[in-house]
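Taking it in order: structure first as structure tokens, then the write-up.
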Amino acid sequence: MQFTRKDILDTASLSAEEIIMILDTAEGMKGISQRAVKKVPTLRGQTVVLFFYEPSTRTRTSFDIAAKRLSADSISISASASSLVKGESLIDTARNLEAMNADIIVMRHSSSGAPHLLASRLKASVINAGDGTHAHPSQALLDMMTVRQKKGSFEGLRIAIIGDISHSRVARSNIAGFGKMGAHVTVAGPPTMIPKGIESLGCRVSHHMDGAIEDADVIMMLRIQKERQKGFLFPTEREYASVYGLNRKRLKKAKKDALILHPGPINRGVEISPDVADSPRSLILDQVNNGVAVRMALLYLVTGGGQNADTD
Ligand code: CP
């Protein structure tokens, strides 16, 4: 199969075959990061612009590392240090970057749909690094990679996603991605953090955390996104932690081999207790490690998917 997509905008538009191809390619990329010289010439001569309108630690750094491991030139710009502050529009900014022969633009934006707008106007590839509450495809793909490494496949797996579903692009991308691969997704959280109609994306809804996690193969905890909430949607963080937080006591109600994931950044003591976050059952740093490989795979695939590529 040849990967023919110019852009990676969400998981909902990827086929199951494309998702498998991305994950298989990412597994192939992992070895490069374990070498003494962590670099291959695959994307030599390509220019990757990391265009982040919102803060990021994991996504921005891992796309940067991924580009460098493949020998691309990567340039990072933030909204506050660009001419956006002088009133230049998003499209004009992007067209100027393209005029400088940028090949791939990796973009994070607070507005849902911003990367789609860019992708429709530019010849350069666009990779969505998180847009508003809509999608975060590279995060879902690295989550899927982490789960597949431990469980072997997705068919029939039960995935519980717990927390602030309303504001979570990670939840939406994982519902679409895992659902496409035959897993069953349940989202759980306080009614104020579950959007009406989320079932139409292909998930079940629960407001009871214990019920949601008891038969789960994967428990994915989410951060409360206070920066996107108009007011706090739960009385206090302490109460939230006691009702919807994952701690050692609550974990006893889950299956012994249930995997614990969190996209980060974590709020220790709120949605996850420090001992659970740091326990051997937590795959949080495996997710981060796989993030570099998934982002190497995405950069590689959107630039031709292996045609004339050199990954040795
Ligand atoms: N998971 C994630 O998107 O983390 P950052 O916001 O640090 O990129």
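Readers should treat all values here as calculations from the given coordinates under stated rules, not as data from a laboratory. None of the values given here were measured: they were computed from a predicted structure. Because the Cβ atoms are built from the backbone with ideal geometry, glycine has one as well, and the counts that use them run over all protein chains shown.
Some values worked out for this structure:
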read-out	value
The chain, Cα convex hull volume normalised per residue, Å³	133
Residue 57-residue 255 FRET efficiency (beta carbon distance; Förster radius 22 Å; 0.05 resolution)	0.10
Rule-of-thumb Rg ratio for region 139-185 [Cα; 2.2 N^0.38 Å; N residues]	1.07
Residue 112-residue 36 FRET efficiency (beta carbon distance; Förster radius 35 Å; 0.05 resolution)	0.25
Helix-only mean residue ellipticity at 222 nm for the chain, each DSSP H run of n ≥ 4 adding -39500 (n - 2.57), per residue, nearest 500	-10500 deg cm²/dmol
Length-normalised contact order of the chain in % [C-alpha pairs under 8 Å, at least 6 apart]	22
Cβ crowding within 10 Å averaged over residues, with 17-24, 162-169 ranked highest first	162-169, 17-24
For region 201-263 and region 86-159, distance of Cα centres in Å	26
Additional length obtainable on full extension of the chain from residue 78 to residue 285, 0.36 nm per residue less Cα span	72.0 nm
Sorted peptide list for 173-179, 211-217, criterion being average Cβ within 10 angstrom, highest first	173-179, 211-217
For peptides 291-304, 121-134, sequence by mean Cβ density within 10 Å, most packed first	291-304, 121-134
Kirkwood Rh and Cα Rg combined as Rg over Rh, evaluated for region 138-287	0.92
